[in-house]
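*Asks:* Sharing a structure below in structure tokens format, with a few things to ask.
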Amino acid sequence: MRVLVIGATGGTGRQLVQQALEQGHQVTAFVRNTSKLKIAHANLRVVKGDVLDYPSLESAMRGQSAVLCALGHKRFFYPNKIQSSGMRNILRAMKAGDVPRLICETALGIGNSVGRLGLPHTFFILPLILPFYMWDKLRQEELIAASDRDWVIVRPGMLTNGDASDSYRHGPKVGSYLWPVKTARSDVADFMLKQLTDDTYIGAAPGVGW
């Protein structure tokens, strides 16, 4: 399958690129800085661009079968619309290129998963440290849900660089109202790649965690 990975230099994005290549997919990695992606493979094409620059995104979108989005940023402490504005451009480019499927990583703790990231995150980290970041993720989810693409929103818990697990959980009931929920980036990537050919969660936002 021909897949476009957006956010390919982030923690989950690198896992998506590596695992997709291992599974035999033709991968286009869409990045702002090509030097940050230290992966070389015959089936990998690295494209420089920015989700806020529609023409570069539309060009990278041509000929793709699906989009895997792990878009994030580190501008936590002031209002921004990077994720929602970027998603607006992604969806526009998907429609222009007739790309049917979108798998997008967001986070537990928003939408109908409010409270499921554990007490510390629910009452301290999200409202006091990450409110702007999470509000924009919520706007991103709303844009996806209103689109006409075949979409899956993937909501992991606190992301770690731990080893892949054969026992991670997924579904609408993943998470805890009391204890912090952790998720390895490798597991998130594994789950996202499975959604390329599995229709179970089309139009849904499952959580992923241990």
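*Asks:* When you check Pro55 against the structure, is it farther than 20 Å from Pro156 by Cβ, in contact (Cβ under 8 Å) with a residue 12 or more places away in the chain and surrounded by fewer than 21 Cβ atoms within 10 Å (Cβ to Cβ), yes or no? Can you show your working first?
*Replies:* On the way: farther than 20 Å from Pro156 by Cβ: yes; in contact (Cβ under 8 Å) with a residue 12 or more places away in the chain: no; surrounded by fewer than 21 Cβ atoms within 10 Å (Cβ to Cβ): yes.
No, not satisfied.
*Asks:* Of the residues in the range 163-204, how many are aromatic (Phe, Trp, Tyr) and either outside any loop (DSSP other than H, G, I, E, B) or at pLDDT 95 or above (or both)?
*Replies:* The initial filter retains those residues of the range 163-204 that are aromatic (Phe, Trp, Tyr), namely 168, 177, 179, 191, 201.
With the extra rule that they be either outside any loop (DSSP other than H, G, I, E, B) or at pLDDT 95 or above (or both), the set shrinks to 191, 201.
So the count comes out to 2.
*Asks:* Give the residue that is surrounded by the most Cβ atoms within 10 Å (Cβ to Cβ), with candidates limited to residues of the range 97-142 that are in contact (Cβ under 8 Å) with a residue 60 or more places away in the chain, under 12 Å from Pro206 (Cα atoms) and in contact with an Asp or Glu (Cβ under 9 Å, 6 or more places away or on another chain).
*Replies:* Thr106
*Asks:* Would you please list the contacts, defined by Cβ atoms under 8 Å and residues six or more apart or on different chains, that run from a residue in the range 79-90 that is closer than 14 Å to Met61 by Cβ to a residue that is aromatic (Phe, Trp, Tyr) and surrounded by fewer than 24 Cβ atoms within 10 Å (Cβ to Cβ)?
*Replies:* Hits for this filter: Asn89/Tyr54.
*Asks:* What pairs can you find where one residue is in the range 143-159 and closer than 20 Å to Thr12 by Cβ and in a strand (DSSP E or B), the other is modelled with pLDDT of 95 or more and of a type in the set (Phe, Trp, Tyr), and their Cβ atoms are less than 7 Å apart, with a gap of 6+ or different chains?
*Replies:* Listed pairs, sorted by first residue: Val152/Tyr201; Val154/Phe191.
*Asks:* Looking at the range 63-70, can you tell me whether even one residue there is under 16 Å from the mean Cα position of the chain (by Cα) and either of a type outside the set (A, V, I, L, M) or more than 19 Å from Arg139 (Cα to Cα) (or both)? Spell out how you get there, then give the answer.
*Replies:* Filtering the range 63-70 down to residues under 16 Å from the mean Cα position of the chain (by Cα) leaves 66-70.
If we keep only those that are either of a type outside the set (A, V, I, L, M) or more than 19 Å from Arg139 (Cα to Cα) (or both) too, we end up with 66, 69.
So far as the range 63-70 goes, yes, one or more of its residues are under 16 Å from the mean Cα position of the chain (by Cα) and either of a type outside the set (A, V, I, L, M) or more than 19 Å from Arg139 (Cα to Cα) (or both).
*Asks:* Residue check: is Val188 of a type in the set (Val, Ile, Thr), out of contact with any Phe, Trp or Tyr (no Cβ under 8 Å at 6 or more places or on another chain), crowded, with 19+ Cβ neighbours inside 10 Å and more than 16 Å from His121 (Cβ to Cβ)?
*Replies:* yes
*Asks:* Those residues that are in a loop (DSSP other than H, G, I, E, B), on the phi < 0 side of the Ramachandran plot, surrounded by fewer than 18 Cβ atoms within 10 Å (Cβ to Cβ) and not charged (D, E, K, R), I need them from the range 8-36; list them, please. Give the derivation first.
*Replies:* Our first condition is that a residue be in a loop (DSSP other than H, G, I, E, B); within the range 8-36, this holds for 8-10, 23-25, 32-33.
Checking the rest, the ones that are also on the phi < 0 side of the Ramachandran plot come to 8-10, 23, 25, 32-33.
When the remaining residues are screened for being surrounded by fewer than 18 Cβ atoms within 10 Å (Cβ to Cβ), the result is 23, 32-33.
Those that are in a loop (DSSP other than H, G, I, E, B), on the phi < 0 side of the Ramachandran plot, surrounded by fewer than 18 Cβ atoms within 10 Å (Cβ to Cβ) and not charged (D, E, K, R): Gln23, Asn33.
The values are calculated or read from the model by the stated rules, or taken from the named source; none is laboratory data. Because the structure is predicted, anything quoted here is derived from the model rather than measured. Glycine also receives a Cβ, built like all others from the backbone with ideal geometry; neighbour counts cover every protein chain displayed.
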